[in-house]
Structure formats: structure tokens, C-alpha cells
Amino acid sequence: MKQNFTVRHSALDGVEAFLNVAQHRSFRRAAAALGVTPSAISQSVRALEARLGAALLLRTTRSVGLTEAGERFLSRARPAFEELVAASEVARALGSRPTGLLRLAVPPGVVSVLLEPLIASFCQAYPEIEVEIAASGELIDLVAQGFDAGIRMGQFIAADMIALRLTPAFPFVVVGSPEYLVKRKGPERIDDLRQHACMRMRRSDGSIAPWRFVEGNRTVEAIVSGPLIAHDFPTLLGAAIRGLGLAQLSGPLARAPIAEGRLQAVMAPYAITVPGVFLYYPDRRQVLPKLRAFIDHMKRQSTTSDLRDDR
């Protein structure tokens, strides 16, 4: 495989020189266009002809023409070389200014809480960037699936990723609608959850996540049951607001419904705190301008005072 690559790479040597000579019908003018000497152009073309085993140019003291082999080579090489130059320009543009497709993998619950307030202003500020948001509860391999960055809670991010804090640490709270809590006395202890309809989350690996709490100095997992199993937190949030049962949700997701009186928090002393939400990406050295622009925009727009690289 390595040998094939070497052959294909060397086959490009001298092509640009030949195309310029064919265009200008002059070694001198081709040399001026490329900023080299006529001797260098001549040597490059002769090396190309030697590798191909055919003369491409007819040379006289007065003019330069094309052989039949040269005509055929020109007809195929010119469009291919122009495509190669265009591809180089596209790659150069992606590496020099904020442009291209920015693909983000995010959990559904993050979209409404963090991204919706930012995406419109970001797209207006950077019209050459297209933003694709893949909302999924699965833990996605960014590199394997072609994503520029992802957003996750800190405990789910691999140690080899660069992580940028988007929120402070926050609690996971148990909530229920006022209508539900009128019908049943709100739970005060973990054991009280046995008497309640508790909605649950199915993880991306197929397992059902237990509810987690802090009791004294230890973390406790509670196996609960209820009428609904969902694959994302917004679904649990909507069901809780409609009075279907209790849900354990992130503090940021539940904050507005609690403030509006649509939900009430219970069991606050047992709420567990998680590290917070982070933007993460594979390698600081490979950050393209489109992702750097998004990171800087989030820093400028965020109301969080400690938006920084850490975990």
C-alpha cells in the first residue's frame, strides 16, 4: 500500500509545469507564471516524460507544440489538476477562516437549556458556518462518527478529551406536578419512593438508570418503578408537568418549570450534585476555525462566570 501511494504521489511531479507550458506554448512564459527558471521548467517536464515513457511536447527554436500523447495527457490531466487545486483551496479555507459544516452531538435536554439561546446569534455572526445538531442520548464517538464536538455531563466524558465547562456543578432533583402531589403525599425519605409513580430513563446501553441520591456521606442508588420509561429527559419533564408521576431531572432543566409553579421539588436534602455540563472535543491542536469560533461565541454569550477548560 505504501508503494502504491509513493508511485501516485510522484506521478504528480512535473504536471503543473507541463500544464503551464501547454497553456502558454512557451517555457519562458510558463517559468514566469510559476516564478521559477526556464531551466527548472524544462527539467521538470523532461522528468515527467521519462516517467511516462512518451514525449509530450514538440520543441523547436521558435515554438512549442503538443504531441498526440501530450494532447491526450492534457485533456485528462487539466481537469484533474484543477479539481486538485480546488480541493486544496477548500481545505485551506477551512483551516484559515470560520467556514464549513460544524457538527455537534448533544443530549436532547441540552438543546433547549443551553443551545437554543446561542445558535441563532452564532449563525448570524458566522454566516459561512452551517450548524448541524444531532440530539441523542447515546454516548457518541466524535472522531468515528465525524463530529467536531459534543456536549455532555462531565462524568461521561473520556479522559483524553479537551473539556470546556459550560455550567457550574448542579443537583439532580426529584420533581412532581402540584396536581400529582395533591393526590399523594410527597416523599420525604428514599424509602417513600416505593409508594410513588417514578418515571425512569433508559440508558444508551439498554439498561434503566437507577435514581441516585446522597445520604450522609454515601451515594445511594434507588430502584424505582412507574408508568413511563423514556430515552431522554425532556420527555420525562413533559410527563412530570402533566402529572404522570415523579421524575429525577437536572437542576437546569427543571429550574424554569419550578419557578413557574408547574413543578415542585421534593427530597431536596438527598439531591446528588453532578460535575456540570461541558463542551468537549478531541485535540486542541486540531481545532479548526469553525469550532474555535463556536467556543469563543459560547464564552462571550455565557452567563457563567467560570467558563474554562477543566473538569
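One table, with the values for the structure above:
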item: Matching residues, the stretch 155-182, being closer than 27 Å to Ile140 by Cα and not in a loop (DSSP other than H, G, I, E, B); result: Gln155, Phe156, Ile162, Ala163, Leu164, Arg165, Phe170, Pro171, Phe172, Val173
item: Test: residue in the stretch 85-101 that is at pLDDT 90 or above and either not in a loop (DSSP other than H, G, I, E, B) or not aromatic (Phe, Trp, Tyr) (or both); result: yes
item: Residue within the stretch 157-177 that is polar (S, T, N, Q), surrounded by fewer than 18 Cβ atoms within 10 Å (Cβ to Cβ) and either within 19 Å of Val277 (Cβ to Cβ) or touching a Leu at 6+ places or on another chain (Cβ under 6 Å) (or both) present; result: no
item: Residue check for Arg203: basic (Lys, Arg), open to solvent by 20 Å² or more (accessible area, probe 1.4 Å), over 18 Å from Thr235 (Cβ atoms) and out of contact with any Phe, Trp or Tyr (no Cβ under 8 Å at 6 or more places or on another chain); result: no
item: Qualifying residue in the stretch 121-129 (condition: crowded, with 19+ Cβ neighbours inside 10 Å and under 26 Å from Pro269 (Cα atoms)); result: no
item: Among the candidates Val143, Val175, Val131, residue that is at pLDDT 95 or above and among the β-branched types (Val, Ile, Thr); result: Val175
item: Set Gly137, Gly109: member being of a type outside the set (A, V, I, L, M), touching a strand residue (DSSP E or B) at 6+ places or on another chain (Cβ under 9 Å), at pLDDT below 85 and open to solvent by less than 20 Å² (accessible area, probe 1.4 Å); result: Gly109
item: Index of the failed condition, Leu181 passing every other in (1) crowded, with 16+ Cβ neighbours inside 10 Å; (2) among the hydrophobic types (A, V, I, L, M, F, W, C); (3) free of Cβ contacts under 8 Å to residues at least 60 places away in the same chain; result: (3)
item: Qualifying residue in the stretch 289-296 (condition: modelled with pLDDT under 95 and small (Gly, Ala, Ser)); result: yes
item: Filter result for Arg242 (charged (D, E, K, R) and more than 30 Å from the chain's Cα centre (by Cα)); result: yes
item: Residue ID - nearest to Phe27 (Cα to Cα), chosen from residues in the stretch 51-63 that are open to solvent by 20 Å² or more (accessible area, probe 1.4 Å) and among the hydrophobic types (A, V, I, L, M, F, W, C); result: Leu58
item: Qualifying residue in the stretch 123-132 (condition: in a loop (DSSP other than H, G, I, E, B), closer than 30 Å to Ala293 by Cβ and free of Cβ contacts under 8 Å to residues at least 60 places away in the same chain); result: yes
item: In the stretch 140-156, the residues that are in contact (Cβ under 8 Å) with a residue 60 or more places away in the chain and open to solvent by 40 Å² or more (accessible area, probe 1.4 Å); result: Val143, Gln155
item: Pick from the stretch 22-50, criterion among the charged types (D, E, K, R) and closer than 17 Å to Arg78 by Cα, ranking: surrounded by the fewest Cβ atoms within 10 Å (Cβ to Cβ); result: Arg25
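The values are calculated or read from the model by the stated rules, or taken from the named source; none is laboratory data. All of these numbers come straight from a predicted model, not from anything done at the bench. All Cβ positions, glycine included, derive from the backbone under ideal geometry; neighbour counts span all protein chains shown. Quick note on the areas: whole protein, heavy atoms, side chains included, nothing else; ligands and nucleic acids left out. Shrake-Rupley method; radii C 1.70, N 1.55, O 1.52, S 1.80 Å.
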